[in-house]
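K.L.:
Dropping the structure in here first, questions after.
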Amino acid sequence: MAIQERTYWLTTIQMPKGNASGPLPESVDVAVIGAGYTGLSAARTLAKRGLQVAVLESETIGWGASSRNGGMVLTGMKLGVNKLISMYGREKTQEMYAASLKSIECVEQIVKDESIECNFSRCGHLEVACKQKHFDEYERQAEVVAREFNHELRVVQKNELGGEIGSKIYYGGMVDDVSAGVNPARYVAGLAVAAQRAGACICERTRVELMERSSHNGSTGWNLVTSRGGLRARDVMVATSGYTGKVTPALQKKIIPIGSYIIVTEVLPEATAQELSPRNRMIYDSKNYLYYYRLTPDRRMLFGGRAAFFPETADSIRRSAEILRRGMIEVYPQLQDTKVEFVWGGTLDFAFDIMPHAGQMDGMYYAVGYAGHGVAMATYLGQKIADYILSGKDENPYAGIPFPGAPFGLYNGKPWFLPVAGAYYKFLDWVS
Ligand SMILES: Cc1cc2nc3c(=O)[nH]c(=O)nc-3n(C[C@H](O)[C@H](O)[C@H](O)COP(=O)(O)OP(=O)(O)OC[C@H]3O[C@@H](n4cnc5c(N)ncnc54)[C@H](O)[C@@H]3O)c2cc1C
């Protein structure tokens, strides 16, 4: 059978429907742009508190990264703790790290409160070292995390790694038992249903084309022009992640869209699955140009990576299938004869400092910059920004940190430098 070029997760669920035709609400308290984890989590919180909310989504519910990701609900941030401490100091880093732990509890609580059937499981994650010096760094990192954040990371020596992973290519690993796994499409679908149940109107096929500050009956707000007509909103929350476009140019200039690709195999025999991942962890390696992989709830191997740097196109998706299959066999030679059944791609959002950012800019609220760590953090920041809109107090953990743009302003939203950056990261993986 030919490889299906579509998201495997979407074959496991019927996505809920939003309002895709007919008139839009004339005016709302909050217009949220983007129906992924960030936007839906914010909409759910706001609607539960009685606000009128419209979620405007140019495609369909969960169409962006939120239905296409690896489903790894991870602790920590993309940058390592030593780097974070050097950038922000101990206290701010402690606050951010604690938020990363809370973000997992936040997902778990929503799944429970809203009875979302999405295979959420606290299976933990395993990071594996591609070089001896990466492994040596694990020891130091675990020590800092225990001391500064009172959180346990368990270092796994090479000779014990067989209990965690059926691959012989790594130099050791580090486990965090607090991380979790989820079926991401089922989760985003559940969030959408929860937001709708709370009263939010999710408008699919509604691309926001223009937004302008306005004044109406003496109060300020926004006029939004969409592909389905106009609406007024007192506040706007932008939740467009890697798909941020020219409607919000100030934000677009600060976000680099980067492609990530995934293959999924046929269902594996039970014994093979058990051999490859005896503890069913969410796994990723220590490279910049990393691989991430896991078993799906129905026992397929899901294997992802940055097979191309540019956001997905039909061509890059097709090429990624073979690149990722070769990567998967390097890790797991046992899968040499296993069929790959699905391949797809999606777009990640990286800020220039590789940090999440949330708050208010030019009067609009936003949360972006998850850098591949967004399942839990997008849910959490969606809630935090909703709280900000409700209370006027910004208590998100990234409030107040600088949000840098490109050096010398050399970026207008078109990432011309990605091939250079891709080559640079490959080079770094070779030398470091
Ligand atoms: C292949 C892949 C694998 C990943 N794996 C993981 C993982 O295992 N663990 C993890 O934590 N994170 C992972 N991530 C990252 C994670 O998926 C994202 O950080 C998260 O889904 C971001 O959610 P979001 O709601 O902010 O954005 P998205 O889900 O991307 O939603 C943004 C939405 O905005 C809409 N939009 C954009 N512009 C407009 C407009 N003008 N008008 C209306 N709508 C608009 C888009 O259509 C889109 O649906 C992965 C990402 C990818 C692509």
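The values are calculated or read from the model by the stated rules, or taken from the named source; none is laboratory data. Please read all numbers here as calculations on a predicted model, not as lab measurements. Heads up, the Cβs are rebuilt from the backbone with ideal geometry, glycines too, and the neighbour counts pull from every protein chain shown.
K.L.:
Could you tell me how many of the residues in segment 59-107 are touching a strand residue (DSSP E or B) at 6+ places or on another chain (Cβ under 7 Å) and outside any loop (DSSP other than H, G, I, E, B)?
P.N.:
Result for segment 59-107: 5.
K.L.:
Have a look at Gly199, Gly172 and point out the one that is in contact with a helix residue (DSSP H, G or I) (Cβ under 7 Å, 6 or more places away or on another chain) and surrounded by fewer than 20 Cβ atoms within 10 Å (Cβ to Cβ). Step through it out loud before you land on a result.
P.N.:
Numbers: Gly172 fails: surrounded by fewer than 20 Cβ atoms within 10 Å (Cβ to Cβ).
Residue meeting the stated conditions: Gly199.
K.L.:
Got a sec? Which of Arg122, Arg90, Arg140 is more than 14 Å from the ligand (Cβ to nearest atom), closer than 23 Å to Glu395 by Cβ, of a type in the set (Lys, Arg) and touching a residue at least 24 places away in the same chain (Cβ under 8 Å)?
P.N.:
Details: Arg122 fails: closer than 23 Å to Glu395 by Cβ; Arg140 fails: closer than 23 Å to Glu395 by Cβ.
When all the criteria are applied, what remains is Arg90.
K.L.:
Just the residues that are among the small types (Gly, Ala, Ser) and surrounded by 14 or more Cβ atoms within 10 Å (Cβ to Cβ), please, taken from segment 21-39. Please lay out each step first, then the result.
P.N.:
Step one: filter segment 21-39 for residues among the small types (Gly, Ala, Ser), giving 21-22, 27, 31, 34-36, 39.
Answer for segment 21-39, where residues must be among the small types (Gly, Ala, Ser) and surrounded by 14 or more Cβ atoms within 10 Å (Cβ to Cβ): Ser27, Ala31, Gly34, Ala35, Gly36, Gly39.
K.L.:
Quick one: is Met377 within 13 Å of the ligand (Cβ to nearest atom) and either more than 18 Å from the chain's Cα centre (by Cα) or among the polar types (S, T, N, Q) (or both)? Spell out how you get there, then give the answer.
P.N.:
Values: within 13 Å of the ligand (Cβ to nearest atom): yes; either more than 18 Å from the chain's Cα centre (by Cα) or among the polar types (S, T, N, Q) (or both): no.
No; evaluated as a whole, the condition is false for this residue.
This table checks each residue for (1) touching a strand residue (DSSP E or B) at 6+ places or on another chain (Cβ under 6 Å); (2) within 11 Å of the ligand (Cβ to nearest atom); (3) in a loop (DSSP other than H, G, I, E, B).
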site: Ser215; (1), (2), (3): no, no, no
site: Thr220; (1), (2), (3): no, no, no
site: Asn223; (1), (2), (3): yes, no, no
site: Ala233; (1), (2), (3): yes, no, no
site: Lys246; (1), (2), (3): no, yes, yes
site: Pro257; (1), (2), (3): yes, yes, no
site: Ser260; (1), (2), (3): yes, yes, no
site: Thr265; (1), (2), (3): yes, no, no
site: Thr272; (1), (2), (3): no, no, no
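Per-residue answers, yes or no, for (1) modelled with pLDDT of 95 or more; (2) within 22 Å of Leu335 (Cβ to Cβ); (3) touching a Lys or Arg at 6+ places or on another chain (Cβ under 7 Å):
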{"position": "Val111", "(1), (2), (3)": "yes, no, no"}
{"position": "Cys118", "(1), (2), (3)": "yes, no, yes"}
{"position": "Leu126", "(1), (2), (3)": "yes, yes, yes"}
{"position": "Ala142", "(1), (2), (3)": "yes, no, no"}
{"position": "Glu148", "(1), (2), (3)": "no, no, yes"}
{"position": "Tyr171", "(1), (2), (3)": "yes, yes, yes"}
{"position": "Asp176", "(1), (2), (3)": "yes, no, no"}
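K.L.:
Does any residue in segment 44-59 that is touching a residue at least 12 places away in the same chain (Cβ under 8 Å) and under 15 Å from Asp235 (Cα atoms) come within less than 8 Å, Cβ to Cβ, of a residue that is of a type in the set (Val, Ile, Thr) and assigned to a loop (DSSP other than H, G, I, E, B) six or more places away or on a different chain, and which pairs are these?
P.N.:
Sorted first by the residue in segment 44-59, then by its partner, the pairs are Leu56/Thr206.
K.L.:
For segment 295-320, enumerate the residues that are surrounded by fewer than 18 Cβ atoms within 10 Å (Cβ to Cβ) and either modelled with pLDDT under 95 or of a type in the set (Phe, Trp, Tyr) (or both).
P.N.:
Of everything in segment 295-320, those that are surrounded by fewer than 18 Cβ atoms within 10 Å (Cβ to Cβ) and either modelled with pLDDT under 95 or of a type in the set (Phe, Trp, Tyr) (or both) turn out to be Phe310, Thr313, Ala314, Asp315, Ser316, Arg318, Arg319.
K.L.:
So, one more: Look through Met1, Met77 and report the one residue that is surrounded by fewer than 24 Cβ atoms within 10 Å (Cβ to Cβ), modelled with pLDDT under 95, hydrophobic (A, V, I, L, M, F, W, C) and touching a Phe, Trp or Tyr at 6+ places or on another chain (Cβ under 9 Å). It would help to see each step written out before you state the result.
P.N.:
Numbers: Met1 fails: touching a Phe, Trp or Tyr at 6+ places or on another chain (Cβ under 9 Å).
After ruling out the rest, the residue left standing is Met77.
K.L.:
Still on this structure, I have one more. Out of Arg197, Arg234, which single residue is modelled with pLDDT of 95 or more and in contact with a Gly (Cβ under 9 Å, 6 or more places away or on another chain)?
P.N.:
On the way: Arg197 fails: in contact with a Gly (Cβ under 9 Å, 6 or more places away or on another chain).
Being modelled with pLDDT of 95 or more and in contact with a Gly (Cβ under 9 Å, 6 or more places away or on another chain) holds for just one of Arg197, Arg234, which is Arg234.
K.L.:
Say whether the condition of being within 30 Å of Glu212 (Cβ to Cβ), of a type outside the set (Phe, Trp, Tyr) and part of a strand (DSSP E or B) is met by at least one residue in segment 288-298.
P.N.:
Filtering segment 288-298 for residues within 30 Å of Glu212 (Cβ to Cβ) gives none.
No, that holds for no residue.
K.L.:
List the number of the failed condition for Gly172; all other conditions in (1) farther than 30 Å from Gly18 by Cα; (2) touching a Gly at 6+ places or on another chain (Cβ under 6 Å) hold.
P.N.:
(2)
K.L.:
Please go through segment 329-358 and pick out each residue that is away from the ligand (no atom under 15 Å from the Cβ), of a type outside the set (D, E, K, R) and at pLDDT 95 or above. Before you say what the answer is, go through the steps one by one.
P.N.:
Filtering segment 329-358 for residues away from the ligand (no atom under 15 Å from the Cβ) gives 329-341, 352-353.
Checking which are of a type outside the set (D, E, K, R) leaves us with 329, 331-336, 338, 340, 352.
Within segment 329-358, Ile329, Val331, Tyr332, Pro333, Gln334, Leu335, Gln336, Thr338, Val340 meet the criteria.
K.L.:
Any residue in segment 273-288 that's touching a residue at least 40 places away in the same chain (Cβ under 8 Å) and within 19 Å of Pro333 (Cβ to Cβ): show its pairings with residues that are among the aliphatic types (A, V, I, L, M) and in a loop (DSSP other than H, G, I, E, B) at Cβ separation under 6 Å, as long as the two are six or more apart or on different chains.
P.N.:
Between residues of segment 273-288 that are touching a residue at least 40 places away in the same chain (Cβ under 8 Å) and within 19 Å of Pro333 (Cβ to Cβ) and residues that are among the aliphatic types (A, V, I, L, M) and in a loop (DSSP other than H, G, I, E, B), there is no close pair.
K.L.:
Using beta carbons and a limit of 7 Å, which pairs, at least six apart or on different chains, have the first residue in segment 289-304 and farther than 15 Å from Gly259 by Cα and the second one charged (D, E, K, R)?
P.N.:
Qualifying pairs under 7 Å: Arg299/Glu270; Arg300/Glu266; Leu302/Arg294.
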